[in-house]
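Down below is the structure, laid out as structure tokens.
The values are calculated or read from the model by the stated rules, or taken from the named source; none is laboratory data. This one's a predicted model, so the numbers in the text were calculated from it and none came from an experiment. When we count neighbours, we look across all protein chains shown, and the Cβ atoms used for this are built from the backbone with ideal geometry, even at glycine.
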Amino acid sequence: MRLVRHPTYKLVSELISDTNPKNHRRVKAIVGLRLLEVVRDRDLPTELLEQEDPAQTIPRRLGLSDVVDRQIRVYGDDVRKGVHLTDQGITDLFTLVNRRSDSDEVFLNTGRELVEVHFPFRWGQAFSESIQYMFARTYLSWHLKHLFGRRILSFAEGPLNLEVQGLFFGGGDSTCYLISGICQRILEQIGHRSAEVGHTLCQARGDDRCRWDGSIIPLTEE
């Protein structure tokens with residue numbers, strides 16, 4: 001039986017193959033790699049029969065396409081070689097993933113995974129909450145600049161509140177959950193407790209700026 005290639009596969013190949021020489025390469029390749037790995041893992045069926053090849057039996061799942069598999073390997077090589085991605089390339093990739101019905105969860109999980117890559121250890125518990133927020137702001141500022149090659153957000157008044165106008169990778173409300181995931185995981189690791197991050201304003205929803213309000217959830221008194 002001839003396998004019909006889904007038209008989205010061609011679109012993926014076109015979007016993630018950016019060759020514009022004028023576009024500066026500033027974004028760490030780990031961003032694209034983790035995003036596609038999350039897409040692939042979410043598209044895997046919960047149960048596989050023995051000897052089953054999901055890339056052939058479920059060809060319409062984007063994360064299981066041969067194009068995505070090849071691009072994951074390319075990004076893996078880029079990470080090892082220290083190659084950076086262009087702004088346009090990462091923006092187009094984000095826009096493509098933003099079309100998924102589960103894009104909020106994909107970007108949130110990707111943000112959390114990006115923190116696991118560069119921040120695998122846990123802080124001591126002897127610090128006050130104010131010091132923990134100071135550590136979180138300091139690390140978050142460094143981490144975002146490390147990933148995207150520039151300062152992309154500003155801190156607003158509050159424990160861990162961030163704002164931006166015209167986030168460069170845009171693409172819609174869902175892409176902002178990447179920032180939510182990064183903030184949430186940093187707060188969890190520094191505070192040793194659950195954390196919540198609300199995306200309270202978004203330009204994709206008609207607001208004049210994007211805003212995230214993060215907080216470490218207090219321990220309940222027994």
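Residue count for the range 182-214 under the criterion of being farther than 17 Å from Leu153 by Cα and of a type in the set (Asp, Glu): the result is 2.
Scanning the range 60-87 for residues that are surrounded by fewer than 18 Cβ atoms within 10 Å (Cβ to Cβ) and either modelled with pLDDT under 90 or among the basic types (Lys, Arg) (or both) turns up Arg60, Asp66, Asp69, Arg70, Arg73, Arg80, Lys81.
Screening Arg211 on (1) buried (at least 19 other Cβ atoms within 10 Å of the Cβ); (2) under 20 Å from Arg34 (Cβ atoms) shows it passes everything except condition (2).
Filter the range 145-186 for residues that are farther than 26 Å from Gly82 by Cα, under 14 Å from the mean Cα position of the chain (by Cα) and outside any loop (DSSP other than H, G, I, E, B) and give the result. Those that are farther than 26 Å from Gly82 by Cα, under 14 Å from the mean Cα position of the chain (by Cα) and outside any loop (DSSP other than H, G, I, E, B): Asp173, Ser174, Gln184. Filter the range 156-166 for residues that are out of contact with any helix residue (DSSP H, G or I) (no Cβ under 6 Å at 6 or more places or on another chain) and surrounded by fewer than 21 Cβ atoms within 10 Å (Cβ to Cβ); which is nearest to Arg99 (Cα to Cα)? Checking each candidate, the answer is Gly166.
Scanning the range 168-181 for residues that are of a type outside the set (Asp, Glu) and farther than 16 Å from Ile152 by Cβ turns up Gly172, Ser174.
Restricting Ile152, Ile186, Ile182 to residues that are surrounded by 19 or more Cβ atoms within 10 Å (Cβ to Cβ) and closer than 19 Å to Val27 by Cα narrows the list to Ile182.
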